[in-house]
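Right, one structure below, let's go through it.
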There are 2 protein chains.
Amino acid sequence: MVNDRIRLKSLLDKVTTPEAAADLIKDGMVVGMSGFTRAGDAKAVPIAMAAKAKEQPFNITLITGASLGHDIDRMLTEAGVLARRMPFQVDRTLRAAINRGDVMFIDQHLSETVEHLRSNQLGPIDYAVVEATAISEEGGIVPTTSIGNSASFAILAKKIIVEINLSQPANLEGLHDIYIPTKRPTRTPIPVVACESRVGLPYVPIDPEKIAAIVVTDKKDSFSTVEAPDEGTQAIAGHLIDFFKGEVDAGRLDLTLQPLQAGIGTIANSVLTGLVDGPFHDLRMYSEVLQDSTFDLLDSGKLVFASGSSITLSAACSERVFGQFEKYKDRLILRPQEISNHPEVIRRLGVIGINTALEVDIYGNINSTHVNGTHMMNGIGGSGDFARNAYLSIFVTKSLAKEGRISSVVPMVPHVDHTEHDVDVIVTENGLADLRQLAPRERAEQIIQHCAHPDYREALMDYFQRAAARGGHTPHILEEAFSWHTRQQVTGSMKA
Amino acid sequence: MVNDRIRLKSLLDKVTTPEAAADLIKDGMVVGMSGFTRAGDAKAVPIAMAAKAKEQPFNITLITGASLGHDIDRMLTEAGVLARRMPFQVDRTLRAAINRGDVMFIDQHLSETVEHLRSNQLGPIDYAVVEATAISEEGGIVPTTSIGNSASFAILAKKIIVEINLSQPANLEGLHDIYIPTKRPTRTPIPVVACESRVGLPYVPIDPEKIAAIVVTDKKDSFSTVEAPDEGTQAIAGHLIDFFKGEVDAGRLDLTLQPLQAGIGTIANSVLTGLVDGPFHDLRMYSEVLQDSTFDLLDSGKLVFASGSSITLSAACSERVFGQFEKYKDRLILRPQEISNHPEVIRRLGVIGINTALEVDIYGNINSTHVNGTHMMNGIGGSGDFARNAYLSIFVTKSLAKEGRISSVVPMVPHVDHTEHDVDVIVTENGLADLRQLAPRERAEQIIQHCAHPDYREALMDYFQRAAARGGHTPHILEEAFSWHTRQQVTGSMKA
């Protein structure tokens, strides 16, 4: 079986143990590891690294595609391996270390990390550690359920450690489209002109001499943690479907809409699932992570094609999809995250981007990352790549958190990830605010009336009106702007 | 002379007075007007519109490329013509009306306005009012010293009013490259692959039947208001030159650097002028406005080519350039602002973007627009188009304003136009902070030590250290974050 997966036979003598491979990673190194939203992460070597560090402490700069599964970030954090970490994470233990200032975390637009590597503004990568379905006859690396940054990591790294994962279906081969932009300033256009465009190779082309070790594993990807749609997320989906219908009626969209992107997580996943019941057809996705909802839409016949950088599924959906992967394969493509999230392609295709906000303010600025403007949750991820360049930039959130003690609509967000310029539509379970071509004072009325929870609407309107009476294009009372957050820090509730 | 300029003879009977042309504009219309950073603005019709409105009140939505000259925004504001205005302005009277909430101003990324028009999310444009050097034999409109949004305005408008400006040199013809992206989702790559790329037509192709009126003028463009370099701007230029030299030494750049963009205004202009004395050569610009510094660099032989959307010069420089325009013409190109500022092209070319900040915070977030987070100055302009997509995103500012009563480095900016993710380098006269690949706590040390004025350094470090002691990835004390701004509002100074 390993013989089928390592087809360049001269590499067979590189097969070794995770421990031996982990021993190659030395203190101070920069390591690029596969993994994007729990999919296709290296699973054996990082765990061996954590074990080794407990005996012989060392630390590294770890760069990934996005988040990892299998508590790997927790284990590496607990073992003190992480000095620096980028560009995204979702682990509770690592998050605490970041917020203590123990791990230096660099939160980046997901399309940009490899640009920095390619121009030597980051790196060089000492070791790329990438999961693979197979190594081709030529020594090309065939990724698994994600590409993320792995292609550029492998191409740019001094040395490569490959994890051949036997639990990943062999027929993932052919799914991937590896296209790497050329060096600047002589770069040529990225030739992707449709969700379906195949413009690269089905494997990562590398010099096989760079492969320092191969580890064989059979550990499955961690399953996604998205929750089922509930009343709130269904209401959000309903408002958005009504909005899309209105766009169709106005002649701005037809029933095939424009290519769709949905951020990771329960709300965006539920919204997409909601489209199963809409009048839309021949939909396409140009997204980063393909979640359960993508396959619900494919099964319903509503979605005809999906392009992403990873496939991250619940246990049930995973069995359904990977148990009969040939049924889906010709309607799917995985790309490097630089391409799935590339401003050039997103703007060209006119993607409709649907991303989740932590909180929004009355003028349409979005906080996606920082609780109370101070404590990092996960990271901006790809939301900025999409929101800035989208045909329509939509943010979704429930209007309340913590059993109503927190309003997701606030006077001013204490951390801005997406500015007012990049936000077209905000949707909560209460309604939808269409902010296109509105001035800030007009946006405030829309957001307060349509998005805020009734429990907080009056207080928001009171703030806005008192601020507006003082004047300004974007009226604020700076002494009060964060009073809801500071009150909640003291009393546990934003309510006065 | 008019005969040479209106070469499609059937249009000669459309020539009329500014007053008659202005009479075509009716209450409630959407008007797209030429003009970008004072260059190539329509000069006769808007003034006639203001005069008319004093007799018969009416108001419109006015969309331009960027700012206008000749006090036109003042006159239109005073006459009550402006109900809505986008995407940029610099006029004191209009600014006051915006901040009173009397004019609804929509602040947009300059590359995006015509995308909204093309997808019917804005408009339709009832009248385009565009200044022209000439109308070709086929009825094509040859722009003057700017293109801005005029090409798409004319193409998308129901009707067009042309101002033929005899004071604009006839040999501007051939300078322009009009390329309009195709409709989404079937758009093809924008074929610009170098500053020099010519990919379109030298005129705006329109149906001549749409030309409703032609007005002949001879009023010159308003001159730029940039000030000469001073000690502070020279220090900023010096720090930046040292940084570029360091990048060359590190092998990340060569002495031709990457294509340069510089925002409008005295500081960015001075920084660019400073490159005359550096070791760099064969420089290129891919910018939006070409200012005096562009021609200083061309004259010095350091700059070999400049692409922009407008040419905006001081009186002295204007005489030098337009008095011998053939000397410069083959080293210049003007493009629609959608193309000069297009994310696709900026990212492809790897532009070095140099833009001016109003204030910066200790974590690298930038306020470009709002005094005290409330009062609009001008608008974000193209700074977001460049900062997000640049190879290097650099922000410049003097560390003090109002004779030292205001620090341009503050604990938290009360309005964010550019998030920490989009800022690589900040420069003041005190020094340069290289923020690449740094976590927020590391950035704070760099910004406070290198950019803040010594008078405020200790207070900033005190804030940062007390905030960091409380924890968080981006430590803040929300109760105090705006205390410098509120103190200044009360006492006139940020000093405690």
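The values are calculated or read from the model by the stated rules, or taken from the named source; none is laboratory data. Given the structure is predicted, the values throughout are model-derived calculations rather than measurements. As a convention, Cβ positions derive from the backbone with ideal geometry for all residues, glycine included, and neighbour counts pool all protein chains shown. All accessible areas refer to the heavy atoms of the entire protein, side chains included, with ligands and DNA or RNA removed. Shrake-Rupley method; radii C 1.70, N 1.55, O 1.52, S 1.80 Å.
From B:192, B:226, grab the single residue that is within 14 Å of chain A (Cβ to nearest Cβ), surrounded by 20 or more Cβ atoms within 10 Å (Cβ to Cβ) and among the aliphatic types (A, V, I, L, M).
Details: B:226 fails: within 14 Å of chain A (Cβ to nearest Cβ).
On inspection, the qualifying residue turns out to be B:192.
Restricting the search to the range B:99-118, which residues are touching a residue at least 40 places away in the same chain (Cβ under 8 Å), open to solvent by 20 Å² or more (accessible area, probe 1.4 Å) and within 7 Å of chain A (Cβ to nearest Cβ)?
Selection gives nothing.
Of the residues B:257, B:303, only one is under 24 Å from residue B:147 (Cα atoms), surrounded by 18 or more Cβ atoms within 10 Å (Cβ to Cβ) and either in contact with a strand residue (DSSP E or B) (Cβ under 7 Å, 6 or more places away or on another chain) or of a type in the set (Gly, Ala, Ser) (or both); which? Before the answer, list the steps.
Values: B:257 fails: under 24 Å from residue B:147 (Cα atoms).
Exactly one residue qualifies, and that residue is B:303.
So is residue B:474 over 24 Å from residue A:483 (Cβ atoms) and either in contact (Cβ under 8 Å) with a residue 60 or more places away in the chain or small (Gly, Ala, Ser) (or both) or not? First the steps, then the outcome.
On the way: over 24 Å from residue A:483 (Cβ atoms): no; either in contact (Cβ under 8 Å) with a residue 60 or more places away in the chain or small (Gly, Ala, Ser) (or both): yes.
No: the conditions fail for residue B:474.
Could we say that residue B:115 is more than 18 Å from the chain's Cα centre (by Cα) and either outside any loop (DSSP other than H, G, I, E, B) or farther than 17 Å from residue B:36 by Cα (or both) here? If you could, list the steps in order and put the result at the bottom.
Working: more than 18 Å from the chain's Cα centre (by Cα): no; either outside any loop (DSSP other than H, G, I, E, B) or farther than 17 Å from residue B:36 by Cα (or both): yes.
Judged against the criteria, residue B:115 is not a match.
Check A:43, A:52 and return the single one that is within 28 Å of residue A:2 (Cβ to Cβ), open to solvent by 10 Å² or more (accessible area, probe 1.4 Å) and among the charged types (D, E, K, R).
Of the residues listed, the single one that is within 28 Å of residue A:2 (Cβ to Cβ), open to solvent by 10 Å² or more (accessible area, probe 1.4 Å) and among the charged types (D, E, K, R) is A:52.
Only one of these is open to solvent by 40 Å² or more (accessible area, probe 1.4 Å), of a type in the set (D, E, K, R) and within 13 Å of chain A (Cβ to nearest Cβ): B:183, B:220. Name it.
B:183
Looking at the range B:42-82 only, could you name the residues that are of a type in the set (A, V, I, L, M), part of a helix (DSSP H, G or I) and farther than 24 Å from residue B:151 by Cβ?
Across the range B:42-82, the qualifying residues are B:50, B:51, B:53, B:75.
Being within 14 Å of chain A (Cβ to nearest Cβ) and open to solvent by less than 10 Å² (accessible area, probe 1.4 Å), is that true of even one residue in the range B:306-317?
Yes, the range B:306-317 contains a residue that is within 14 Å of chain A (Cβ to nearest Cβ) and open to solvent by less than 10 Å² (accessible area, probe 1.4 Å).
Please work out which one of (1) in contact with an Asp or Glu (Cβ under 9 Å, 6 or more places away or on another chain); (2) charged (D, E, K, R); (3) modelled with pLDDT under 95 is the condition residue B:221 fails and give its number.
(3)
For residue A:151, are the conditions met, namely being open to solvent by 50 Å² or more (accessible area, probe 1.4 Å) and closer than 20 Å to residue A:311 by Cα?
no
Which residue pairs have Cβ atoms under 7 Å apart, sit 6 or more places apart or on different chains, and have a first residue in the range A:10-30 that is in contact (Cβ under 8 Å) with a residue 24 or more places away in the chain and a second that is polar (S, T, N, Q)?
These pairs meet every condition: A:27/A:59; A:30/A:61.
Residues checked against (1) open to solvent by 10 Å² or more (accessible area, probe 1.4 Å); (2) within 14 Å of chain A (Cβ to nearest Cβ); (3) of a type in the set (D, E, K, R); (4) outside any strand (DSSP E or B):
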{"site": "B:120", "(1), (2), (3), (4)": "yes, yes, no, yes"}
{"site": "B:139", "(1), (2), (3), (4)": "no, no, no, yes"}
{"site": "B:160", "(1), (2), (3), (4)": "no, no, no, no"}
{"site": "B:174", "(1), (2), (3), (4)": "yes, no, no, yes"}
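For the structure I just gave you, tell me whether residue A:128 is crowded, with 24+ Cβ neighbours inside 10 Å, more than 14 Å from chain B (Cβ to nearest Cβ), out of contact with any Asp or Glu (no Cβ under 8 Å at 6 or more places or on another chain) and in a helix (DSSP H, G or I).
no
Got at least one residue in the range A:83-91 being in a helix (DSSP H, G or I) and not acidic (Asp, Glu)?
Let us first name the residues in the range A:83-91 that are in a helix (DSSP H, G or I), namely none.
For the range A:83-91, residues in a helix (DSSP H, G or I) and not acidic (Asp, Glu): absent.
Please enumerate the residues belonging to the range A:69-81 that are touching an Asp or Glu at 6+ places or on another chain (Cβ under 8 Å) and either open to solvent by less than 10 Å² (accessible area, probe 1.4 Å) or farther than 14 Å from residue A:219 by Cβ (or both).
Residues satisfying the conditions are A:69, A:72, A:73, A:74, A:77.
Suppose we filter the range A:365-381 for residues that are closer than 16 Å to residue A:103 by Cβ, more than 9 Å from chain B (Cβ to nearest Cβ) and in contact with an Asp or Glu (Cβ under 8 Å, 6 or more places away or on another chain); how many remain?
Of the residues in that region, 1 qualify.
Among the listed residues A:385, A:361, identify the single one that is under 17 Å from residue A:435 (Cβ atoms), modelled with pLDDT of 95 or more and open to solvent by less than 10 Å² (accessible area, probe 1.4 Å).
A:361
Can you say whether residue A:282 is charged (D, E, K, R) and farther than 22 Å from residue A:227 by Cβ, as far as the supplied structure shows?
When the stated conditions are applied, residue A:282 passes them.
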